[in-house]
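Below is one structure, written out as structure tokens; the observations come after it.
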Amino acid sequence: MRLAILTGIAMTLAAQQAAPQFDVASLKHEGDVASNVTRAGGVRSSGLRPLVFTPTSFSCKTTLLQIFTAIYDVKNYQVQAPDWFDREVYEIDARMPGPTSRETARQMLEALLVERLGLKVHRQTKETPVLVLVAIPGSDKLEEVTPAPESPQIVIAANGLEARPATTLASLVSILWRNAGRPVLDETGRTGYYKVKLLWSEDGGPAELGASMISALPQAGLKVESAKRSLEYIIVDQISKEPAGN
């Protein structure tokens, strides 16, 4: 057993040493989300920036939670981390030799967090109560749109939502799990873009938004079912809020 543990440690150290590195990188803690909100001419706007990869650079100004979902290709609910992960903002600007693949850039970003924030994580698979999105048997209400629209979006109002002009069911699931109180998985097997328009009563208020969406799904020939699935989680064992010197 001791030999196995030592071998595992040696493999981990070797993997860290072999991880590709950015040519130059800056990682700064920019306070919390509220402190990054700007106001100009009476208009309130966020100072955050999403993750942007190019063959020679990487940049973002966002929370560690959003950075983690990109690094490990998981949903927010699959990251178990300190409660400040979705509140504190970090700005990263990095350069790398081009052309660099997105996967290599991802490894560089992970190595940067290990170096500057002392990141230590492990993966764990757990059986988790979920909702699964499925098509109602015999329903033909889903209308596929081809070719794929250039700028698809989902507009949510107090009494419904509408895909303009169409959406993937994976995108619909992303909205559902943010409001349903537990993970929602797409098990429809449909990968195209579809017209979706759901209407519900405004009476329930914001707290009932998830239930309202779910109750309206049959309008699009869809429904959710309770189930249990094995999901992989990223467990943060160690991380510093303040980065080491740039």
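One table, with the values for the structure above:
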read-out	value
Over the chain: helical MRE at 222 nm, DSSP H runs n ≥ 4 each giving -39500 (n - 2.57), nearest 500	-8000 deg cm²/dmol
M108, M96 arranged by Cβ crowding within 10 Å, fewest neighbours leading	M108, M96
Size of electric dipole in the chain: Cβ of Lys, Arg +1 and of Asp, Glu -1, about Cα centre, debye, nearest 20	200
Environment charge at S174 (Cβ cut-off 13 Å; Lys +1, Arg +1, Asp -1, Glu -1)	+1
Mean Cα-pair separation over length for the chain, i.e. relative contact order, pairs under 8 Å, 6 or more apart, %	24
Residue among Y77, V52, H122 farthest towards the positive dipole end of the chain, charges placed on Cβ	H122
Of every Cα-Cα pair in segment 66-148, the percent that sits beyond 22 Å	49
Residue range of the chain that is longest and free of GluC sites (Glu not before Pro) which are both DSSP loop and sparsely packed (at most 13 other C-beta within 10 Å)	1-149
Taking N as its residue count, the alpha carbon Rg of segment 127-230 over 2.2 N^0.38 Å	1.03
Nearest-0.05 FRET efficiency for V114 and D93, computed from C-beta distance (R0 22 Å)	0.75
Net +/- balance of residues flanking T125 in space, Cβ distance below 12 Å, scoring K and R +1, D and E -1	+1
Distance between modelled label sites at D83 and V24, nm, 7 Å Cα→Cβ extension	4.0
Correct option for Rg and Dmax of the Cα atoms in Å [calculated from the coordinates] among (1) 17.6, 59; (2) 19.0, 69; (3) 21.2, 65	(3)
For M213, net neighbour charge (Lys/Arg +1, Asp/Glu -1) across residues whose Cβ lies under 14 Å away	+1
Extended-chain gain in nm, criterion 0.36 nm per residue less alpha-carbon gap, T125 and T56	21.4 nm
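Every number here is computed from the coordinates shown, using simple stated rules; none is lab data. Quick caveat: nothing in here was measured; it's all calculated off a predicted structure. So basically every Cβ, Gly included, is an ideal-geometry build from the backbone, and we count neighbours across all protein chains shown.
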